[in-house]
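Structure first, then comments.
The values are calculated or read from the model by the stated rules, or taken from the named source; none is laboratory data. Nothing here was measured: the structure is a model prediction, and the numbers come from that model. Because the Cβ atoms are built from the backbone with ideal geometry, glycine has one as well, and the counts that use them run over all protein chains shown. To get the accessible areas, we keep the full protein, side chains included, count just its heavy atoms, and leave off ligands, DNA and RNA. Shrake-Rupley method; radii C 1.70, N 1.55, O 1.52, S 1.80 Å.
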Amino acid sequence: MATKLLASALRQTLNKTPTSSSLHRCLSTAAALTTAPPSQNDEAMTIKGLKISARPLYLDMQATSPVDPRVLDAMLPYYLARYGNPHSRTHLYGWESDQAVETARSQIADLIGASPKEIVFTSGATESNNISVKGVMKFYKEKKRHVVTTQTEHKCVLDSCRHLQQEGFEVTYLPVGNDGIVDLEKLRGSIRPDTGLVSVMAVNNEIGVIQPMEEIGKICREFNVPFHTDAAQALGKIPVDVDRWNVSLMSLSGHKIYGPKGVGALYMRRRPRIRVEAQMNGGGQERGIRSGTVPTPLVVGMGAACELAKKEMGYDEVRIRGLQERLLNGVRAKLDGVVVNGSVERRYAGNLNLSFAYVEGESLLMGLKDVAVSSGSACTSASLEPSYVLRALGVDEDMAHTSIRFGIGRFTTEEEIDRAVELTVQQVDKLREMSPLYEMVKEGIDIKQIQWSQH
């Protein structure tokens, strides 16, 4: 019955005489950007107790990015017509899907300076990180029992390390400076004869800090220790070169670079060869490292996103940096007590993490319901605890609680930045008017010197 209803609906749609605008819409998803949103969005909606009159502006690009319409155009044929299993070797459907997968593999490899044979497809950077950290240590477990990482890594790396600790491995969690950068001498001093892996994130997802990857790679080469990096936030945003960085393993994600969710990749160096123990058993796809049918449409989308990133990275960088400066200067021109978390010089411009003194962070987030921002990683922002990344930087707990991460991307406009500045200033001013601490500071009282007593 459902099939008949669907067929009937399709016939009615196809039988309608198309206007030039509707025909334009049907032919290309890229045209969607030029069309007005559906009228149903004009009505107010209530989500999680909040009444929202319109869709907020999106400034949370580190959590996820919108799919570029050109990426979607590349993906659609592999949903609708070329839907074969890429592992089917006996007919055209399988052959064309396999060819599309290999093309995407080459596109990703080209962006990071690797060979297509070194790219393994996964479900995302989290899976790639798990394969890297646990897979390497379990493969070399007879001789290597020690991992070096930092306190500011993504939660999936830290949890993988804790999992290894439960199995008897040792892990050194290196501290970072106030700017979020790892101390290279401390890194050098932490490497032992039984160190099996050094894992350092290239661009931090919460504060946007860029680690000195080439210098870390040289240290790892000096001690002949495999070097893994989570480059989910770096891919397509800063130049990435696996040979200059001397990485053995690199975790990549599709949905951070205007590609689809649910797909990622793992770079695995062939010379010198790095080995891992597979974390998933099955049909032996992806050289036995990651069993399971490779999702052709998602892989094609990630490949197309990487190809676009290589062409447009320079343009995006200049434009996003200008928008970041516009946002920061706009906020600082109207508010005092605004602190940039992490290094100002060594950071990706699209990530601006700010703390606002004398303001409660959760109240600020709730007040900014017309701007989609977050207080940190999307994987941990449900917690009311202050960010572990900011605490590792030595940020005071009250300031860590007030942090807001603004994520700027390819499709962000100057109008959106100006509106975000306006709404942020309004909300911070409103909350400070209700803050007795801010009143005391304006009167010249040093609140850090006050001895608070309990009753």
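Details
- Counting all C-alpha pairs of segment 151-286, share separated by more than 22 Å (%): 39 percent
- Remark: the LYS369-LEU80 segment gains 100.3 nm on full extension, using 0.36 nm per residue and subtracting the alpha carbon distance.
- Estimated [θ] at 222 nm from DSSP helical runs (n ≥ 4, -39500 (n - 2.57)) normalised by residues in the chain, nearest 500: -12500 deg cm²/dmol
- Highest average packing first - 315-328, 124-137, Cβ atoms within 10 Å: 124-137, 315-328
- Between GLU415 and GLU142, the FRET efficiency estimated from the beta carbon spacing at R0 = 56 angstrom works out to 0.40.
- Using the average count of surrounding beta-carbon atoms within 10 Å as a protection proxy, the listed peptides 402-409, 149-156, 361-368 rank, highest first, as 402-409, 149-156, 361-368.
- Counted over the chain, the DSSP beta bridges are approximately 60% antiparallel.
- Count Lys and Arg as plus one, Asp and Glu as minus one, and take only other residues whose Cβ is under 15 Å from that of ASP429; the net charge is then 0.
- Averaged per residue, the chain has 50 square angstrom of accessible surface, using a 1.4 angstrom probe with ligands and nucleic acids left out.
- The distance from the alpha carbon centre of segment 211-243 to that of segment 264-300 is 20 Å, rounded to a whole number.
- Rolling a 1.4 angstrom probe over the chain with all protein chains present gives an accessible area of which 53% lies on carbon and sulfur atoms.
- Sites matching chymotrypsin sites (Phe, Trp or Tyr not before Pro) across segment 53-91 that sit in DSSP coil, with at most 13 neighbouring C-beta atoms within 10 Å: TYR83
- Entry for log10 I(q)/I(0) by the Debye sum over Cα atoms at q = 0.07, 0.08 Å⁻¹ (calculated from the structure that is shown) out of (1) -0.42, -0.54; (2) -0.49, -0.63; (3) -0.37, -0.48: (1)
- Gain in span if fully extended, LYS442 to LYS334, counting 0.36 nm per residue against the direct Cα distance: 37.3 nm
- Each residue, SER88 and ASN281, gets one label point 7 Å from its Cα in the Cβ direction; the gap between the two is 2.8 nm.
- With the Kirkwood sum run over all distinct C-alpha pairs, segment 69-308 has a hydrodynamic radius of 18.1 Å.
- Among 161-167, 178-184, 250-256, the peptide with the highest mean count of other Cβ atoms within 10 Å heads the list, and the full ranking is 250-256, 178-184, 161-167.
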